[in-house]
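Novice: Below are the C-alpha cells for one structure; questions will follow.
Every read-out reported here was derived from the displayed coordinates using simple, explicitly stated rules and does not represent laboratory data. Note that the coordinates shown come from a computational prediction; the quantities given were computed from them, not determined experimentally. Quick reminder, even Gly has a Cβ in these numbers, built from the backbone with ideal geometry, and neighbours come from all protein chains shown.
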C-alpha cells in the first residue's frame, strides 16, 4: 500500500476534536452535491478537507500553524496553481462559531463551482463514504 494512503487512513482515525466536529457538518453537504473528503493526500500534502467538485480545501489550524505560516503560504500557492482555493479556520472558530464557519463554507461553495465537465467527480476513497 502507498505510504501516503496508509498515513491518510491513520490521520482519518485520529481527527482532532475540532476536525471531527467540522467533518460531521461537512458530510451533510453531500446531499447538496458537495461531497467532501478528509485527510486527502495531494501533491505531497494532506488536505484536512477537500471538495473536488468545487475545488475547495478547508483547513482547520491549531496553534502549531502559528509557527508554520511560510509553509502554509507555500502549500496554499501550490494548491492555487492546481486550481484549488484554500480557506482556513482556527480550532477556536470551529469550536465556538461553527454556524459562522459553515456559512462561510457554503458561501465559498456557491461562489464559483467549476463547470461539471471540467473536473470529474471522483468517488470517495475506501473508508470515506457514509457510515
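Novice: Which order, highest average first, do 90-103, 42-55, 16-29 follow once you tally other Cβ atoms within 10 Å for each residue and take the mean per peptide?
Specialist: Going by the mean number of other Cβ atoms within 10 Å, highest first, we get 42-55, 16-29, 90-103.
Novice: What shape does the range 3-110 have by the C-alpha gyration tensor, where a ≥ b ≥ c are the square roots of the eigenvalues, rounded means a/c under 1.5, and otherwise prolate means a/b greater than b/c and oblate the rest?
Specialist: rounded
Novice: Quick check: from the Cα gyration tensor, does the range 47-87 come out rounded (a/c under 1.5), prolate or oblate?
Specialist: oblate
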